[in-house]
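The values are calculated or read from the model by the stated rules, or taken from the named source; none is laboratory data. What you are looking at is a predicted structure, and each value in this text was computed from that prediction instead of being measured. Cβ coordinates were reconstructed from backbone atoms using ideal geometry, including for glycine residues, and neighbour counts include every protein chain displayed.
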Amino acid sequence: MRRTWLPLLLVILLISVGLWFSESPPEQLLSIRPTPQQQDRAAELIIRNAKTRHFDQEGNLAYRVDAQQITYYQFKRRDRADLTEPRLLFYEDDQPKWRAESRWGTVYNRGERVVLEGEAVIDELPATGGIKLETPSITLLPDREFAETDKVVTITSGPNRTTGKGMRAYLSEDRVEILSDVKSSYDTD
């Protein structure tokens, strides 16, 4: 009776081992484990042609973020998303009020802070008659509709132009402060 079970048990064991080898990743078979640095560099998610919407406490559209690509990373205590060609639109009464864009950007902690880099531009909408802020890098706090930079910034409104170093912009209040080295030129016509 033992002899009839032995071949059947051996066949089941061989099938089980074969399935385990075919389903196991090579790293597991070779006992190669990624280092913590390699683990942290692996993207959790990549989204192309991304469009996200963010709402305020009352359920109204507060701002939206569009990007050619979003690469999302999850770390132990924080998260980060790298954006390619990001564009943020801030809304007031369901109408776009401010547009911010750059070549690339980084979003930290689920959108708490956004850093735009590479020819960052913030436009008041509609673009005709509104002001335009240009700087190499700017940090936005979208929920507070606040932007700041310690870089040189140029503000234009029609033919009028102001440059300076460092800026704070309170977008919901339509208020901009230049912190130092302010130079302006105005068209008196």
**Request:** Return a yes/no flag: does the stretch 78-87 have any residue that is free of Cβ contacts under 8 Å to residues at least 24 places away in the same chain and part of a strand (DSSP E or B).
**Result:** yes
**Message:** Tell me whether the stretch 108-121 contains one or more residues that are basic (K, R), more than 21 Å from E92 (Cβ to Cβ) and assigned by TED's automatic domain parsing to the domain that holds L88.
**Reply:** yes
**Which numbered condition G118 fails, given (1) surrounded by fewer than 17 Cβ atoms within 10 Å (Cβ to Cβ); (2) not in a strand (DSSP E or B)** = (2)
**Message:** Taking the criterion of being of a type in the set (K, R), in a strand (DSSP E or B), modelled with pLDDT of 90 or more and crowded, with 16+ Cβ neighbours inside 10 Å, would at least one residue in the stretch 124-132 satisfy it?
**Reply:** yes
**Request:** Taking only the stretch 102-111 into account, find how many residues are surrounded by fewer than 19 Cβ atoms within 10 Å (Cβ to Cβ) and either modelled with pLDDT of 90 or more or more than 16 Å from L171 (Cβ to Cβ) (or both).
**Result:** 6
**Message:** Quick check on the stretch 129-138. Is at least one of its residues assigned by TED's automatic domain parsing to the domain that holds R80, within 17 Å of the chain's Cα centre (by Cα), of a type in the set (V, I, T) and under 18 Å from A62 (Cα atoms)?
**Reply:** no
**Item:** Meets criteria (more than 18 Å from the chain's Cα centre (by Cα), under 18 Å from V114 (Cβ atoms) and loosely packed, with under 14 Cβ neighbours inside 10 Å) for R168
**Value:** yes
**Request:** Tell me, yes or no, whether the stretch 144-163 has at least one residue that is surrounded by 13 or more Cβ atoms within 10 Å (Cβ to Cβ) and touching a residue at least 40 places away in the same chain (Cβ under 8 Å).
**Result:** yes
